[in-house]
Amino acid sequence: MNTTAANILKILSQTEMSVEDMHLYLKVEKNAILKTISQINDFLESIDLPKIEKKEDVFHLILTKKQWEILFNNFNVLTVEERIDYLYIKFIAHGFLNLEKEKEILDLSRSTILRCFQSVKDEFLKNGTRYEYLHGKGLLITELSFSDKKNFHRKLMKLFIEEDILVPPLKSLLIDIKKFDTKTRLSQIYPILKFSNISVNYFLLSFLYSLEICSEIFEESLFRNESYLETKEFNHIKSLINKYGRDFHPKYKDELAFFLTTLILDYYFLDKDNKVRTLKFLNILKEEFKISNITSELEDMLFHNIYLALFKYKNNIIDFKNTYFNENEKILLNKLDYISDKHSYDFFLGDKFSIVFALKRALIEDNFSKIKNVLFLFNEINANHYTLFKRSLIKLAPDIKFDLEASFFHKKNILRDFSDYDLVISDEKINPNVFVIDFYCNSKVQNILEEKAFCLGVNNFYNE
């Protein structure tokens with residue numbers, strides 16, 4: 001089996017997915033994907049595990065946690081990217097590398113491991129890291145650049161993100177260089193983040209686990225900032241770390257405190273240049289999608305989604321997602337692709353979905369106030385129903401004028417012109433422009449109002 005097989009198993013360990021979406025993620029022909037799935041099934045059968053199954057157009061692999069562990073313990077195929085990262089991480093972590101030994105561990109030919117190491121050499125050359133050859137022993141790092149320290153941190157993150165599904169060589173590498181139990185660290189770090197009002201997610205946790213290893217290996221701090229020492233944020237975080245992370249190494253305590261303060265005060269914890277690029281692209285999107293009014297919360301969400309998407313693409317960190325777009329959302333996706341290409345920004349498909357979601361919310365908020373008049377046409381209506389109905393609607397959207405009429409009037413051609421209304425909602429299909437609901441409830445009406453606002457936002461930029 002090959003790199004494609006390794007990537008397909010990664011996908012199916014996280015979600016179910018169609019061949020079409022696999023093709024978009026992996027940039028591999030659909031026929032090759034189908035052929036590889038067949039090969040994986042042969043392998044699964046050989047180790048007595050359930051096969052990949054197809055339901056409608058979607059493939060899925062349903063295994064217990066123990067079965068997934070058995071699978072990846074028996075699956076020894078690394079992608080090209082994983083081989084390069086393996087050599088890069090191991091070389092920096094130990095400061096020494098013997099390619100002959102690594103060739104045996106990874107079960108690669110001499111030419112293959114030399115091609116992989118060439119990428120490591122190129123990265124070192126670009127960043128200013130130096131090493132020398134010790135005759136008969138291997139390679140020794142003599143000078144490690146700050147850029148390669150940061151890159152090491154980011155590559156290490158991927159091992160923690162995928163810790164539960166690592167193949168044997170990568171799992172052994174991670175066990176070799178970390179001196180803590182991940183679950184134990186989670187239980188200690190969680191309250192620190194919680195009481196600092198920092199959102200907890202797998203991405204940030206992986207970042208913090210990797211930071212601990214970096215603090216042990218490198219003398220130089222990655223995040224120290226003397227200006228933070230007298231801030232209330234730094235001192236608050238420091239007290240939380242001392243309370244919940246008593247057994248942390250003193251150097252890690254300092255590094256963690258500086259990093260979390262940076263996260264709270266500046267929010268460019270991964271890459272300062274990434275913050276600049278994110279702000280630039282955020283303003284481009286607001287202009288291109290004609291978003292004039294956006295709440296600070298939505299702007300923060302959009303910034304956050306773009307920021308992480310850029311970082312993940314740059315460092316080849318993929319979290320696979322099923323991506324379902326309706327027609328208007330596809331318009332946003334296509335527009336996003338066009339703008340990204342035009343301004344030289346790249347994102348993975350799953351991260352595009354996150355950006356589209358934030359854009360959709362922004363368009364809804366920006367255009368909701370354009371809905372002024374709404375007509376409801378129902379088959380049955382009485383005075384009490386009307387009073388309760390209006391009271392409920394006023395609470396739902398106090399700035400919208402709602403009218404409620406019986407469908408009878410429309411059927412008798414008494415109501416012919418809907419042009420005075422921005423939106424018509426009915427319990428039967430009167431014409432193609434009417435939104436239909438089986439019965440009234442606030443959540444259904446809220447969804448229809450938001451969908452209408454979204455359509456208005458899409459039409460605002462799409463019809464130009």
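The values are calculated or read from the model by the stated rules, or taken from the named source; none is laboratory data. Keep in mind that this is a model prediction, so the values were computed, not measured. Please note: Cβ atoms are built from the backbone with ideal geometry, for glycine as well, and neighbour counts cover all protein chains shown. What goes into the accessible areas is simple: the full protein's heavy atoms, side chains included, and nothing from ligands, DNA or RNA. Shrake-Rupley method; radii C 1.70, N 1.55, O 1.52, S 1.80 Å.
Between exposed chymotrypsin sites (Phe, Trp or Tyr not before Pro) in the chain, where DSSP calls loop and at most 10 other Cβ atoms lie within 10 Å, what's the longest gap? My reading of the result: 1-323 is the longest stretch. For a straight C-alpha distance cut-off of 21 angstrom, the lysines reachable from Lys194 (same-chain residues fewer than eight places away being disregarded) are Lys183, Lys232, Lys238, Lys243, Lys253.
Taking each residue as 0.36 nm, the span from Thr15 to Asn459 lengthens on full extension beyond its C-alpha to C-alpha distance by 156.5 nm.
As a test, work out the antiparallel percent of DSSP beta bridges whose residues both lie in the chain, rounded to the nearest 5.
50 percent
Computed on the chain, with alpha-carbon pairs under 8 angstrom and 6+ residues apart, the relative contact order is 11 percent. Computed over region 42-179, the percent of Cα pairs more than 19 Å apart is 57. Listed options for Rg and Dmax of the Cα atoms in Å are [x] 38.2, 143; [y] 27.6, 97; [z] 21.2, 70. The value calculated from this structure is the one marked [y]. So if we plug the beta-carbon distance of Lys444 and Ile394 into 1/(1 + (r/R0)^6) with R0 = 22 Å, what FRET efficiency do we get, rounded to 0.05? Calculated transfer efficiency: 0.85.
The portion of the accessible surface of the chain made up by carbon and sulfur, rounded to a whole percent, is 50 (1.4 Å probe; DNA, RNA and ligands excluded).
Each stretch of four or more DSSP H residues adds -39500 (n - 2.57); spread over every residue of the chain, this sum gives -19500 deg cm²/dmol at 222 nm.
State which entries of Lys121/Lys178; Lys290/Lys444; Lys54/Lys286; Lys126/Lys280 exceed 29 angstrom in Cα-Cα distance in the structure shown. Over 29 Å Cα-Cα: Lys54/Lys286. Taken per residue, the accessible surface of the chain reaches 51 Å², heavy atoms only and a 1.4 Å probe.
Modelled spin labels at Asn242 and Phe357, positioned 7 Å past Cα toward Cβ, are 3.9 nm from each other. Counting only aspartates and glutamates at least 8 places from Lys155 when in the same chain, those with an alpha carbon closer than 15 Å to its own are Glu81, Glu82, Asp85, Glu123, Glu163, Glu212, Asp271, Asp319. Site pair Glu45 and Val80 shows an inter-label distance of 3.1 nm when each label is modelled 7 Å from Cα along Cα→Cβ.
Give the residue list of GluC sites (Glu not before Pro) in region 218-279 that are DSSP loop and have at most 14 other beta-carbon atoms within 10 angstrom. The partial results should precede the final answer.
Numbers: sites: Glu219, Glu220, Glu226, Glu230, Glu233, Glu255; in loops: Glu219, Glu220, Glu230.
Hits after loop and neighbour filter: Glu219, Glu220, Glu230.
Among the GluC sites (Glu not before Pro) in region 8-107, those placed in a DSSP loop whose Cβ has at most 12 other Cβ atoms within 10 Å are Glu29, Glu56.
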